[in-house]
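The values are calculated or read from the model by the stated rules, or taken from the named source; none is laboratory data. This is a predicted model, so every value here is computed, not measured. Glycine also receives a Cβ, built like all others from the backbone with ideal geometry; neighbour counts cover every protein chain displayed. Keep in mind that these areas ignore ligands, DNA and RNA; they rest on the heavy atoms of the full protein, side chains included. Shrake-Rupley method; radii C 1.70, N 1.55, O 1.52, S 1.80 Å.
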Protein chains: 2
Amino acid sequence: MPEEPTSIWMRPERGARGPAPEHSRAQIAAVAIDLAIAGGLAAVSTRQIAKALGTGPASLYRYVATRDDLIDLMHDAVTGEVDLSVPLTGDPVEDLLSLAVRTKDLYLRYPWLLDVPVERNRLGPRAADYLEYALRALQHVPMTGRQKLEAISLLNGLVALFAHIEIQERRTPTARQAAQTAYQAQLAADGRHPLIADAMAHSPLDPPDNARQSFERMTRRLLTGLGLPG
Amino acid sequence: MPEEPTSIWMRPERGARGPAPEHSRAQIAAVAIDLAIAGGLAAVSTRQIAKALGTGPASLYRYVATRDDLIDLMHDAVTGEVDLSVPLTGDPVEDLLSLAVRTKDLYLRYPWLLDVPVERNRLGPRAADYLEYALRALQHVPMTGRQKLEAISLLNGLVALFAHIEIQERRTPTARQAAQTAYQAQLAADGRHPLIADAMAHSPLDPPDNARQSFERMTRRLLTGLGLPG
DNA sequence: CCAATACTGCGATCGATGTTCGCAGTATTC
DNA sequence: GAATACTGCGAACATCGATCGCAGTATTGG
């Protein structure tokens, strides 16, 4: 009888019989998050986590069925850091905008979140609270349930896009980006891409105020574009 | 003297000396793309490509320095499929919207594109043509070069988001998603997330017309929100 | 014309990854 | 106190990206 695959959130954290587990999902998630902060998502490997816990890789599989479960754990843990006690004003656009700002902060705090495949967005208990909160902001908006879910999905995507741009601007360039820049310089030199050359020639950074206003303006536009009153 | 890392596009496809290569970047890209279509990005491995070419994995490294180069190759190859011969009307919003539609078609045709890490968007020759085209649409818009590049980046992100939603709706659910749905049903049942329960209960699919109009409306709003005349 | 040169093909191999198996040990249940 | 259902984990497997070194081949320079 083959085990049918289920979400980690449907399995009990521990069974009722045997010895008490020496670790916990929360502890494993915390260790994994530390690894991700230090070395990106790619640095989150069963062996590294096991080493940090002082155990072997096989032990992890008592807590987690697969590496994806591990990422679910991490994702849900940091999602729980978003403050959902902020009271809703009743204005859907402003409420979601405020949530979007807090969400973007989360991305800036945990850049590896941007590397979590979107497809993989299974929601755990904390993400469910998040989603419930967002739906509460939309409670009296005349949209179908599916439309609301899509709107929230798009909103999160937009937040991720802005976060991505901000992070990229802030980080010191990697070897990859250096190579990229070199090739773009060559492109610019060959004369067949004058506009690329031009766009890259003089590029003053936007003042942070601009970026912030731009983010808020875009978010509002997205939301009203989706049919929210505003 | 350690080889400094450079983009694949800066290295010549073949040297001037030795025997003629038995394969080519284009051929390798084509094989890799076939693998990606069949099994997703994860199925694109040096060994599988080598097998498809009837050679060993080590041989590939005569054409490509790293797996990322391989993905650059794939990305640039399919980017070349976007029709850039469509004449620009002079209306930036409409021109970019039209480009966005063609780009979304590309995503729908090659769903694995959504799994290519955004960070990794090194542009090759064909992507450069694409970018030049987009910049041409923005030529007479009063924005800094950086702002234009960010606008195009955001536009592509939005396109990817919509493509992602469309693909998700069209695909038959994976085991992952089934598990996800089961957990959501449980969430709905426990009564603490009434809005999630509600949103998932009755969810008629939007007619395609709606989705299409929604995409076009959102794109327009994004562009005007970024400061384009409209 | 031929040696030096700079390339190509690729078998063998390395280190790291996710995951599985089986067994010894431990707490709960009947 | 035996059956049961767990936990911990060493050993191992398949697969991955990547490297090394050598044999073979086309071009170059004298």
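Remarks
- With the label put 7 angstrom out from Cα along the Cα-to-Cβ vector, B:Asp105 ends up 4.4 nm from the copy partners, going from closest to farthest.
- Estimated translational D of chain A in µm²/s (Stokes, Kirkwood radius over Cα pairs; 20 °C; 1.002 mPa s): 104 µm²/s
- For the cross-link pairs A:Lys148/B:Lys104; A:Lys148/B:Lys148; B:Lys51/B:Lys104; A:Lys51/B:Lys51, the ones whose C-alpha atoms lie over 26 Å apart are A:Lys148/B:Lys148; B:Lys51/B:Lys104; A:Lys51/B:Lys51.
- When shorter helices are ignored and each DSSP H run of at least 4 residues is given -39500 (n - 2.57), the per-residue value for chain A at 222 nm works out to -19500 deg cm²/dmol.
- Across the copies of the chain, B:Glu169 has label points (7 Å from Cα along Cα→Cβ) spaced 3.3 nm apart, shortest distance listed first.
- Carbon + sulfur, % of accessible area of the protein assembly as shown - ligands and nucleic acids excluded, 1.4 Å: 54 percent
- Over 22 Å [Cα-Cα, the range A:8-79], rounded percent: 15 percent
- Annotation for A:Ala189, label-to-label distances across the other copies: 6.7 nm (shortest first, one decimal, point 7 Å from Cα along Cα→Cβ).
- Exposure check, 1.4 Å probe, all protein chains in place: A:Leu96 carries approximately 0 Å² of accessible surface.
- Kirkwood hydrodynamic radius over Cα pairs of the protein assembly as shown, then Stokes diffusion coefficient at 4 °C and 1.567 mPa s, in µm²/s: 54 µm²/s
- A:Asp69, B:Asp68, reordered so the largest accessible area comes first (probe 1.4 Å): B:Asp68, A:Asp69
- Computed log10 I(q)/I(0) for the range B:78-161 at 0.23 Å⁻¹: -1.29, from the Debye equation with unit scatterers placed on every C-alpha and solvent omitted.
- Förster radius 22 Å - calculated FRET efficiency between A:Met10 and A:Gln139, Cβ distance, rounded to 0.05: 0.20
- Debye, to nearest 20: dipole size of the protein assembly as shown, +1 on Lys, Arg Cβ, -1 on Asp, Glu Cβ: 780 debye
- With protein chains left intact and a 1.4 Å probe, residues in chain B average 51 Å² of accessible area per residue.
- Total buried accessible area between A and B, probe 1.4 Å, nearest 100: 5800 Å².
- All C-alpha pair distances within the range B:92-225, sorted into 10 Å bins from zero, spread as 10, 33, 29, 18, 9, 1 percent across the bins.
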